[in-house]
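What follows is one structure encoded as structure tokens, with my remarks underneath.
The values are calculated or read from the model by the stated rules, or taken from the named source; none is laboratory data. Note that the coordinates shown come from a computational prediction; the quantities given were computed from them, not determined experimentally. Using ideal geometry, Cβ is built from the backbone for each residue, glycine included, and neighbour counts are taken over all protein chains shown. Remember, those area values only see protein heavy atoms, side chains included, never the ligands or the DNA or RNA. Shrake-Rupley method; radii C 1.70, N 1.55, O 1.52, S 1.80 Å.
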Amino acid sequence: MFIRKSTKDYLKADVKDISKLLTLALDQTKEQLFSNPGYELNDIEHKTLNNLIKQRTNGKPFAYLKGSQGFYDLDFVVSPATLIPRPETELLIDIALDTFDTNKKISALDLGTGSGIIAITLSEKFPSWAITATDQSNDALKIAQINATNKIDFYCGDWFDALPKDKFDLIVSNPPYIEDQDPHLHSLKYEPIEALISGKDGLDDIRKIISQSPEFLNQGGYLLLEHGYNQKKQILGLLEESFVNIKAFKDLNKVDRAILAQLR
Ligand code: GLN
């Protein structure tokens with residue numbers, strides 16, 4: 001026998017994201033929730049909510065409980081096979097919008113697409129582009145395919161190894177870039193570790209992408225990368241050999257976060 005509890009009893013509880021968890025358990029919007037605070041949960045809703053509370057309290061991110069997360073102006077299905085979209089990654093879309101003419105047809109490649117947020121948002125903003133996206137995880141690619149709103153060519157494999165021989169005008173990536181001993185990793189324990197860490201200094205994958213990109217870029221093509229807060233200087237050094245017109249960008253928190261470079 002469950003004790004009858006109402007929405008407002010739960011809203012008073014000291015539980016992270018309790019109002020969002022209530023919206024999930026009751027399948028209501030926040031407006032519906034707050035307009036009827038005396039609503040008494042039935043047994044099934046009570047059970048569902050307590051199960052969600054348990055998982056959230058154990059640290060499972062809300063996006064995995066909901067199964068989706070907003071990015072730019074779309075909502076994306078996410079699963080534990082994919083990273084949860086971060087607001088700072090929206091910077092890559094803003095840079096693309098500032099750099100490229102929306103009417104020009106170009107071919108773009110998103111390396112390590114995960115849930116597909118970059119490739120799919122670009123396909124919405126630049127409908128004439130031919131877009132290819134890769135990931136080494138088949139499970140992630142399945143999610144990206146569910147999310148895709150336009151035609152995107154998906155390939156499974158390790159960075160450029162995934163691709164048939166081809167060249168692109170833009171290569172974009174939010175690769176793993178966290179140091180493998182970073183003390184903050186425990187707070188990301190629900191997300192796929194292979195999408196987060198990249199060797200001792202977090203730069204193993206970025207080094208690989210920078211060194212192989214010239215082979216896969218058309219003349220004058222661009223490389224656009226997201227990176228960690230302390231990696232700008234090293235990445236500028238890595239780009240020097242083959243790239244020109246290098247521009248660094250900060251995210252909304254004024255943290256160094258992305259670099260755009262053009263093939264020399
Ligand atoms: N920006 C993410 C974080 O700090 C990391 C994502 C990544 O490694 N690409 O949690």
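Here are the numbers for the structure shown:
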read-out: Listed pairs K165/K200; K208/K233; K105/K151; K142/K250; K5/K54 exceeding 20 Å between Cα atoms; value: K165/K200; K142/K250
read-out: Value of Rg to Rh for region 157-215 (Rh from inverse mean 1/r over Cα pairs, i.e. Kirkwood); value: 1.04
read-out: V77 accessible area, assembled protein chains, probe 1.4 Å, Å²; value: 50 Å²
read-out: D153 versus N51: modelled label distance in nm, points set 7 Å from Cα along the beta carbon direction; value: 4.3 nm
read-out: Cβ-based net charge around G202, under 14 Å, with every Lys or Arg adding one and every Asp or Glu removing one; value: -3
read-out: Cα-based equivalent ellipsoid, region 1-67: semi-axes from gyration tensor eigenvalues, Å; value: 18, 14, 11
read-out: Probe 1.4 Å - accessible area at K125, Å² to nearest ten; value: 50 Å²
read-out: Orientation-averaged projected area, Cα convex hull of region 209-264 (nm²); value: 3.6 nm²
read-out: In Å, descending, principal axis extents of the Cα set of region 171-264; value: 42, 27, 19
read-out: Rg followed by Dmax, in Å, when region 113-190 is reduced to its Cα trace; value: 14.0, 43
read-out: Whole-angstrom gap from region 164-199 to region 65-84, using each part's C-alpha centre; value: 17 Å
read-out: Efficiency of FRET between K250 and K20 - r from beta-carbon atoms, R0 25 angstrom, step 0.05; value: 0.25
read-out: Label-point separation in nm, I193 to Q136, each point 7 Å along Cα→Cβ; value: 1.3 nm
read-out: 25 °C / 0.890 mPa s Stokes-Einstein diffusion coefficient of region 62-135, Kirkwood radius on C-alpha pairs, µm²/s; value: 192 µm²/s
read-out: Cα-based Rg of region 1-119 normalised by 2.2 N^0.38 Å, two decimals; value: 1.41
read-out: Principal axis dimensions, largest first and in whole angstrom, of region 93-141 by Cα; value: 33, 18, 14
read-out: Extension gain, D182 back to R264 (0.36 nm per residue minus Cα-Cα distance, nm); value: 26.1 nm
read-out: Residue-normalised accessible area of the chain, expressed per residue, 1.4 Å probe, Å²; value: 52 Å²
read-out: Solvent-free Debye scattering, log10 I(q)/I(0), computed from the Cα coordinates of the chain at q = 0.13 Å⁻¹; value: -0.85
read-out: Largest to smallest accessible area among K20, K250, K60, K233 [probe 1.4 Å]; value: K233, K250, K20, K60
